[in-house]
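Note sheet for the following structure.
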Amino acid sequence: MFKKRINKIPQHIGIIMDGNGRWASTQALPRNMGHKEGINAVDRTIDALIKFGVKVVSFFAFSTENWKRSEEEINGIFNLVRDFLHSKRNNFKERGVKITTIGDLTPFPEDLKTQLALTKEETKDNDKLIVNLALNYGGRSDITRSVNRLIAEGVKEVTEQDILDNLDTKSLPEPDFVIRTSGEERISNFMLYQMAYSELYFPKVLWPNFNERHLRKALKVYSKRNRRFGGIK
Ligand code: IPE
Ligand code: IPE
Ligand code: MG
């Protein structure tokens, strides 16, 4: 119904989910309750993205800098992600959701790695929506690891395309649109190389409150943008 008024749907949306901690403090709750509500917002947003016909979403869930937080908060986030994958695995299949990840998973606890591997394997043939989770992800780390892969192959001089082809996102299109919630206007080391021409949008809403209405507003904003890629239109 509302699709009529949104004439341009981004193929790939990046979402920097910010504001979980602030949401929790407005409710006088511990920070991890904010992350719990944040997971519910992810699930809601998956439904809304499918409804609008978006094909790929990348959720920034844990950055290479988030290790600076307390052990309690970090473990809380890991447990929430693990339980989310475990409880939703069949439901992802029903919804046609394919789970992928970017970022270096090596330092994660074994139980989380197991859930990630199982979920990726069991959803790999789904094609309605790719839900790409950025976990222990940093744009600089991604570029550095890409270049190191090329060096290991013995490449003497790299092209821009070589770097792109060896990023964690190599099988995904570049994000057309990046939304960061909570009103902060920065990238915080998200897909630096891939975002060269992404449209950016910074709504005030705290991530746990994000819903279909906010996504619809975001998509309306995007459909009014005029992407020129350095050319003239
Ligand atoms: C984003 O919410 C979630 C993660 C970074 C894991 P925050 O936890 O950064 O929330 P604020 O910024 O403290 O409100
Ligand atoms: C960015 O949020 C990282 C994620 C959403 C996972 P942060 O809350 O960690 O970013 P800064 O520290 O405010 O830049
Ligand atoms: Mg934050």
Out of (1) in a helix (DSSP H, G or I); (2) in contact (Cβ under 8 Å) with a residue 60 or more places away in the chain; (3) touching a strand residue (DSSP E or B) at 6+ places or on another chain (Cβ under 8 Å), the odd one out for residue 141 is which? (3)
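Please enumerate the residues belonging to the stretch 159-174 that are closer than 19 Å to residue 59 by Cα and either more than 18 Å from the chain's Cα centre (by Cα) or open to solvent by 50 Å² or more (accessible area, probe 1.4 Å) (or both). Full working, then the answer.
At the first step, the residues of the stretch 159-174 found to be closer than 19 Å to residue 59 by Cα are 167-174.
Matches in the stretch 159-174: 170, 171, 174.
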All positions within the stretch 83-94 that are open to solvent by less than 60 Å² (accessible area, probe 1.4 Å) and either within 23 Å of residue 16 (Cβ to Cβ) or small (Gly, Ala, Ser) (or both): 84, 85, 88, 92
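When you look at residue 28, is it over 24 Å from residue 139 (Cα atoms), exposed (fewer than 15 other Cβ atoms within 10 Å of the Cβ) and without any contact (Cβ under 8 Å) to a residue 40 or more places away in the chain, yes or no? Full working, then the answer.
Numbers: over 24 Å from residue 139 (Cα atoms): yes; exposed (fewer than 15 other Cβ atoms within 10 Å of the Cβ): yes; without any contact (Cβ under 8 Å) to a residue 40 or more places away in the chain: yes.
The answer is yes for residue 28.
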Search the stretch 109-126 for residues being assigned to a loop (DSSP other than H, G, I, E, B) and either of a type in the set (S, T, N, Q) or in contact with a strand residue (DSSP E or B) (Cβ under 7 Å, 6 or more places away or on another chain) (or both), and hand back the single one that is surrounded by the fewest Cβ atoms within 10 Å (Cβ to Cβ). 124
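When you scan the stretch 95-107, how many residues do you find that are open to solvent by 10 Å² or more (accessible area, probe 1.4 Å) and closer than 13 Å to residue 137 by Cβ? Outline the logic, then answer.
Here is the first cut: in the stretch 95-107, the ones open to solvent by 10 Å² or more (accessible area, probe 1.4 Å) are 95-96, 98, 100-101, 103-107.
The next check asks that each one be closer than 13 Å to residue 137 by Cβ; those that pass are 100-101, 103-107.
Number satisfying all stated conditions: 7.
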Every residue in the stretch 180-204 that is among the β-branched types (Val, Ile, Thr) and either in contact with a Cys (Cβ under 8 Å, 6 or more places away or on another chain) or more than 19 Å from residue 103 (Cα to Cα) (or both), please. 181
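The values are calculated or read from the model by the stated rules, or taken from the named source; none is laboratory data. Please read all numbers here as calculations on a predicted model, not as lab measurements. Note that we place each Cβ from the backbone using ideal geometry, even for glycine, and neighbour counts take in every protein chain shown. These accessible areas exclude ligands, DNA and RNA; they are computed on the full protein's heavy atoms, side chains included. Shrake-Rupley method; radii C 1.70, N 1.55, O 1.52, S 1.80 Å.
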